[in-house]
Structures are given as structure tokens and as C-alpha cells.
């Protein structure tokens, strides 16, 4: 186990712990799995059981500690609904959603498609955002903030040609740090919209320069952050999903280069290629800033392996 | 990692996976923990984050698989209440409660107190069971089943002397496999009772020979068992908690030697020393079987280290 030089500070007590506790127990639990279990679930659950048991043995987990975790998960389940997913948020603050996103992106990047980097979906996406015409405004009833003209193209990552008729789904928090479904004072679907690229692959909309905000901390995720002596803040960002039939969808976030939490995101979602500059814009009465960003999407089913 | 011969069949892909994915990510998440976090929580969460991340990397966990797990945990939280704990049950079917119980018992057994082996509490304990006189019956309105006279002594595990005034808390499922709080047809507190040992350390009660039953499988734990191609059955058992001021409480279960699920408990709770024989009893109109079992409890604070 000591060969694992990368995991700095990691003292894996698994072997020693296993000699102290029943060395057959974990395999016995894994072996209870029946023959009709799918190979994938057998692999996942075998690995999960081994890690959970090693975790318990290495730390000599107490009944009280385990029950505190059970209570926290039950609390998260009860608090979750169609507008909020607290179990997902618990995963986010331990970096799991970002890691799964990295895994997904790395696997896709092993083809040569070079799509735009992905970032986590987060818990505030809504499937039913309104369809708007290009150059529409998604800001309703928010009178502070810096209005921004966000525009660019959707491009095929293989041919580099514009993709007409692609959907660009945008959502962002308001200047008070809340998404519309969290905030009774915002109109429904405020700061959300779906846009379709024109024949030149163009999309454009008026939005706000995004604002730093905390993840919700009135539930178990906030409790855990507090216990870990961590802040709940996320760097300012705009959520985007780009999709088009025949292409792999891209779920991502773009981040304001000037945000102080870029290096210290409470859910660990920032990637360098997703950091953008909001530039001053003059001569447009509808916006004071401009953000130009092109997204690359990879054709479905194409597989141009690098090696 | 290959040195770990005990974990048969375990191909730990952690190192290889870490070289493929960002090798700094996990440490970055761990290092976000602030200085005011307690040392114990820092250790637990550091270890948990490492195991969860290794699990995700080793299995190249997909977004869909992770979200299925999130949905299952939210479902468990929503289903849990003061009469049912589905997250606890999910832990039970992957052996976690039994493992934590083993850890607790092993740590206690490193003193020479030799208390009765523990077993998991399970989700059906109620704090408010009625106090009954010795030799009372806990069976109400159940007319099948084999009535059993269960009796014995509570003994000090150090002096081997009887402990007067100890509390023995007993609960069991009915012959239909359900605890009273699961079953609208049972009277409240059926098959539950608290008994106090007399001046000779004696306890006695009339109960039922316990019946094999399935853990509840109408929720996420049942769904997971089904996906794993596993049965939900538990070997027949009686739950017991023994406690007395000045002694460490013992939470345990005693199991019927004749049960077919002794070697195949869905929650992995059986220990050899907890397997008992129900013997024919004659000349007692109130019972057809007898179960004699003494429990040993260890004095609090005494620490007789073996080494």
C-alpha cells in the first residue's frame, strides 16, 4: 500500500485493520450477491462494499458516528424535492459530482473530438425552461447587476463548422445569489432560457454578469460544511447545456475570471478552459458587458481514438 | 496493493486510475477542510473522501450510475420515519451495521470483561416498551407460534456474580414476520417488554419461538436486494438489550439453531455464541418450549487489558 505515492498523507490501515477484525467478513457480504445480478452492478457493489468496509475498519467507526451519518442522509432525503436535491449537494461538497464529471469528460476526450470541457449540472437545472428567440433577454425584474450580451457559435468539434439548430440552455442565479426556484421574489423562469442556433450556428442572449453565491446551507450539506470549517461559496458562473441531435450533449459552466472563489469553489467544479472574460461593451443600450464564447460539440458515434 | 492477499478477487485499480485522472484532485478536496474542524471528523472525512473518489475512479462511475444512487438515497430518506429507518436498512444489507458492531465489540473485548457478544440493534427497537413483571407474557393476540419460557440470569462478566436490578429489554417479530409497528393487526407493544432482574439476577418471560422473516423490501433496500439477486430473509431471532447503571450496555440478538438462514442472514448479524437451542418443556401449561440464556455485562470503566 505504501507504493501509492500520489495520495500524500494517506495512511491506508486496511491491511492491518483486516488482520485485527474478521478477515472473511467483507468477502462473505460480497459473495451473497446472486447469479442474476448484472456484471456491472456486481462490480460496482463489490467495490463499494469493500471501500465502505475498509473505511469503517481503518477508522474504527463507532455506532454513534455511523448513526449520525444515517441521520444526515435521512435528513437530506426528506429535504429533497423537484426543486432541490440535498443528497446531490452532499456529493458535490465532497467533490464527487466533479470527479464523475471529470471521468466522463476524460473518457469522451480519448476520442479526438475536443468538445468544450464539461462541468457539473448542479441541482438547479429545470427541464422546462422557456424557449426564447436569439438576442432575447433572460433577466426579468432584476434591477441591479451588470447586463451582459452573451453570444457565440456552436461548432462541430471535428469539422469546426457551425452547427445550425443546436439548443443552448442557459441558467444563472440572480444578483442575490438565488435561482428563481429558491426565491419567492423572482418570477418563474427568471434568468433561464433555451435558444436555438441560426443557420450560421449563432446564439445570443442578454443575461447578467453572474454573482458569487453560497450553495444552500440550511440543510445537511450546510451542516457538514460548517463541521468541516468550510465556506459554502461558489465562484460566479453561468450554467450551459448545449445539445443537438446527432451530437453528444455538453453540460458545463463558464466562470468569471475576476471571481475570488475561482481557486476555492465549494463544489470543486472550475476548469481553466471554462474561465472567461467579461469585456466592456459600448454602443449597446441593452448591455454594458460582452461575453463571447463558442462551444464545441462532438458528433455522436464518431470515435477517433488517439492511440 | 497486490500484497493484500486477504481481499480475494479484489483488483484495486486505484493507482492506475489515479494516473489516468487528475492526481491532485482528491487531496485538493481534503485540503479544503478548515482549521476548526475536529481532528476526528478531519480523519473520518479525509478517509471517506479518499475511498469515495477511489471507488469512482476504479469503476469509472458514470453520471447516470451516480444519480441512480442519489435517487435511491433520497428515496430512503423520504421513506424513513420514527417507525422505520430505510437508510439504516441499506447499510445493513451491505453489512455495515454488523461490521460497526464487530468493531465496537472487538474494542470492548480487548479488556478481559468477556461480556455477551453484541449484535445489531436493527430498525425496530422502541424506547418506550412497557415495563413488565418477571414471568409475564409479551404475547398478545397471536394464537399460532410456539410459546416459550425464556429465562436466565444477568451476570457481572468480571465477578461472575448475579446483577440485581438490571434491565432486560426484549422485542421480537410475530409469527407473520412483522413487528407490531409494521402491522396494523397487532396491538401496540405486542411482543415487547422490559424486565428487571430480581435480587438473584433472575429474569424470565413468556415469548414466542421466533420466526424467520424478510427485512422490509418495499423500499430502496428491497430494490437493491432484488438488483443484487439476494433474498431479504433473516434467521429467526429475539432482540435483547441488557443494561444496568455502572455497566456497559449489551445490545444483541439470539438466534434459533434450527433456522435455515443462520448461514445466510440478509443483514449478516449472526455470531456463533448467540445461537441457542429451544428445548421441549413439559408440565408448564403456559409454554411448550424453554430457552435458558444468561447474559454477561461488563462493569463500566474497568479496563483489564489482556496484553
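Just so it is clear, none of the values below were taken in a lab; they were calculated from the coordinates. If you're wondering where the values come from, they're calculated on a predicted model, not measured in any experiment. Note that we place each Cβ from the backbone using ideal geometry, even for glycine, and neighbour counts take in every protein chain shown.
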Q | Relative exposure of B:261, B:213, judged by other C-beta atoms within 10 Å (fewest first) | A | B:261, B:213
**Q.** Separation in nanometres of the label points that stand 7 Å from Cα toward Cβ, at residue B:273 and residue A:226
**A.** 4.2 nm
(Q) Taking residue B:285 in one copy and the same position in all the others, each labelled 7 Å out along Cα→Cβ, what are the pairwise distances from the first, in nm, shortest first? (A) 10.2
Q) Which value results for Rg/Rh of the protein assembly as shown when Rg is the Cα radius of gyration and Rh the Kirkwood radius based on the inverse mean 1/r? A) 1.06
Q) Hey, in the GNM for chain A with a 10 angstrom Cα cutoff, which one of A:58, A:180, A:102 fluctuates hardest? A) A:58
Q: Compute the label zone of residue A:108 within segment B:35-65: residues whose backbone N is under 18 Å from the point 7 Å along Cα-to-Cβ.
A: B:60-65
Q: Average the reciprocal distances over every distinct pair of alpha-carbons in segment A:106-223, invert the result, and give the Kirkwood radius in Å.
A: 16.0 Å
Q. Can you give the extra length, in nm with one decimal, that the chain gains between residue A:198 and residue A:83 once fully stretched, where that is 0.36 nm per residue apart less the Cα-Cα distance?
A. 38.2 nm
Q. What shape does segment A:195-307 have by the C-alpha gyration tensor, where a ≥ b ≥ c are the square roots of the eigenvalues, rounded means a/c under 1.5, and otherwise prolate means a/b greater than b/c and oblate the rest?
A. oblate
Q.
Give me log10 I(q)/I(0) at q = 0.13, 0.16, 0.23 Å⁻¹ for segment A:176-239, Debye formula, one equal scatterer per alpha-carbon, no solvent.
A. -0.52, -0.70, -1.05
Q) What is the Cα centroid distance between segment B:35-111 and segment A:217-268, reported in whole angstrom? A) 24 Å
Q. When you look at the Cβ of every residue in A:90-96, what mean number of other chain Cβ atoms sits within 10 Å?
A. 6
Q) Simple spin-label model, 7 Å along Cα-to-Cβ: residue A:218 to residue A:68 in nm? A) 2.5 nm
Q.
Let me understand segment A:207-252 better: what is its radius of gyration from the alpha carbons, and its Dmax, in angstrom?
A. 15.5, 46
(Q) With respect to the axis carrying A onto B, what is the closest chain A residue by Cβ position, and how many angstrom separate it from the axis? (A) A:77, 1
Q. One-quarter of the Cα convex hull surface for chain B, in nm²?
A. 20.1 nm²
**Q.** Paramagnetic reach from residue A:31 in segment B:252-288 [backbone N under 12 Å; point 7 Å along Cα→Cβ]
**A.** B:264
Q | Number of partner chain Cβ atoms within 10 Å, mean per residue of A:74-85 | A | 5
Q.
What are the equivalent ellipsoid semi-axes of segment A:92-161, built from the alpha-carbon gyration tensor (square roots of five times its eigenvalues), in whole angstrom, biggest first?
A. 29, 21, 11
Q | Teacher prompt: residue A:107 distances to equivalent labels in other copies, 7 Å Cα→Cβ, nm | A | 3.8
Q. Which of B:26, B:62, B:159 moves the most in a Gaussian network model of chain B with Cα springs under 10 Å?
A. B:26
Q. What order do you get for B:239, B:233 when you list them from fewest to most C-beta neighbours inside 10 Å?
A. B:233, B:239
Q | Inter-copy separations for residue A:188, label at 7 Å along Cα-Cβ, nm, ascending | A | 4.3
**Q.** In nm, spacing of pseudo-spin labels at residue A:159 and residue B:258 (7 Å Cα→C-beta vector)
**A.** 7.7 nm
(Q) Run the helix sum for the protein assembly as shown: -39,500 (n - 2.57) per DSSP H stretch of 4+ residues, divided by residue count, reported at 222 nm to the nearest 500 deg cm²/dmol. (A) -8000 deg cm²/dmol
Q. Looking only at other chains, what is the average number of their beta-carbon atoms within 10 angstrom of each beta-carbon in A:214-226?
A. 1
